[in-house]
1. Fewest Cβ neighbours within 10 Å first, please rank 376, 61 accordingly.
2. Can you give the angle from 0 to 90° between the axis of helix 98-111 and the longest principal axis of the chain, with both taken from C-alpha atoms, to the nearest 10?
3. Could you state the number of Å between the C-alpha centres of the range 68-141 and the range 207-245?
4. Please give the calculated 222 nm ellipticity per residue for the chain, where each DSSP H segment of at least 4 residues contributes -39500 (n - 2.57) and the sum is spread over every residue; nearest 500 deg cm²/dmol?
5. Which three semi-axes in whole Å describe the equivalent ellipsoid of the chain, each the square root of 5 times a Cα gyration tensor eigenvalue, listed largest first?
6. For helix 122-135, report the angle its Cα long axis makes with the longest principal axis of the Cα atoms of the chain; keep it between 0 and 90° and round to the nearest 10°.
7. Would you mind computing, in nm to one decimal, how far apart the modelled labels at residue 52 and residue 171 are, each placed 7 Å from Cα along Cα→Cβ?
8. Among 36, 147, which comes first, second and so on when ranked by fewest other beta-carbon atoms within 10 Å?
Ligand code: F6P
C-alpha cells in the first residue's frame, strides 16, 4: 500500500493535441488508487495565484465525475477527444525573478502535494525541473510537443496528430495544385527539428521536404536543386509539385526567416525563370511556373487527437502514476522500442541544457534515420544532390506528356 494521498498535474509550454488525454489517464489511474488529483491552472502562474489566495486548492480537484454534460457524456472520458488543455498552459520561459520563484514555491507548498506530474516540452520541463529542485518537489515529467524533439523518447504527445494534420493538408492541396500545375510550398512547424515536416511530408506525398537537419539554409545551390527536381518531375509528366519546408530552415545567410515558405516559393519561381533565360532549356517548362505558399501554423497544434496520440497519452499517464506509486521520482516517461519506460530527468535535462548552450536541437532527426532513407528511396528531394537525376537526361528519355497527366 503506497502512502500517496494527493498529487498535482500541470501542462506547460505550447499546447498540443493529446494533453487532455494525459490528464484523463492520470486522473483515472490516480483515482483508482484512491489519490486526489489537483489540477494546477496555467502551470506556474497557477501556483502564484494559489500563493496569493486567488485559488482555493480544494476547488482545483479533478475527478472522473467532475465534468458532466447531462444526458450526453459524463466524466473525463470526453476529454481525450479534445485538443488544448483544460488546465491552460504557460509559454513565457523561466520566471527568473526571485520573488516570483518564491511565490511559486509557496503556492506549491500550499497545495500539500505528495508529487507533481508535469506535461511539457524540452524548455518547459527544464523550467519545472529547476523549480522542483529548488522546492524539493517529487517530479515526474511527461514529454509533449508536435516538434517531437524531446531527447530520450521516440515519441512525444501531440506529434502523431500534427503529422496527420500535415498529411491531410497535403492531400487537400494536391487537387488544387494539380488543376493549375502549380508548385505548392507548405511551411510546417518545427522550430529546431524536422520530424513533423519529414513524417507529414512523406505521408502526404511531398516531392520536396526541407528540414533543418539536412538543409539548414536555403542557399542558391539548394534552390537550384529543388528547381532541378521539379523540372525533372515535369519532364516526366507530373506537372504539379508539393514542397514541404520546416520553419526551422534558415535563409541564405543562416539567419531565421519569417515566412520561410513564402521566401522559398518566390525563390523557386525566380530561379527557374533565370535558369531558362540563361539558356538551360530543361527549365523552360518551368519559366512560368506558378508557386503558392501557405503556412499551416497553429492548426498543427490542434485537431482531434489521433488514436495513436491517445494511446500514448494513456500509456504515459498510467506510467507516471505507477512511478509515483513506486516512489521513483525525478523521472520522465519515454517511448522506446514499442514500450513505455522512464528515464532519469537529470540525464534528460543535462542533454537539453547542453544542446541549448551549443545552439543545437536536443532531439533532432538523425540524418541516417529510417524515414530519411525512406524519403530518399522514394525520390523525394531532401537535400542530397546525389539522388537527383539530371532533368536534361530525363527530357531525352521521356516524350512530352500532356498537361494533366500525373
Ligand atoms: O514547440 C512547438 C511549437 O509549435 C513550434 O513548432 C513553434 O515554432 C512554436 O511552438 C510556436 O509557438 P507559439 O505558440 O509561441 O507561436
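Read-outs throughout are calculated quantities, based only on the coordinates presented, and are distinct from any laboratory measurement. All figures in this text were calculated on a predicted structure; none of them were measured in a lab. In this analysis, Cβ positions are derived from the backbone assuming ideal geometry, glycine residues included, and neighbour counts consider all displayed protein chains.
1. The fewest-first ordering by Cβ neighbours comes to 61, 376.
2. Long axis of 98-111 versus the principal axis of the chain: about 60 degrees.
3. 42 Å
4. Numbers: 12 runs with 162 residues, N = 406.
Using -39500 (n - 2.57) per qualifying helix, the result is -13000 deg cm²/dmol.
5. Result for the chain: semi-axes of 47, 21, 17 Å.
6. 20 degrees
7. 4.6 nm
8. Fewest-to-most ranking of 36, 147: 36, 147.
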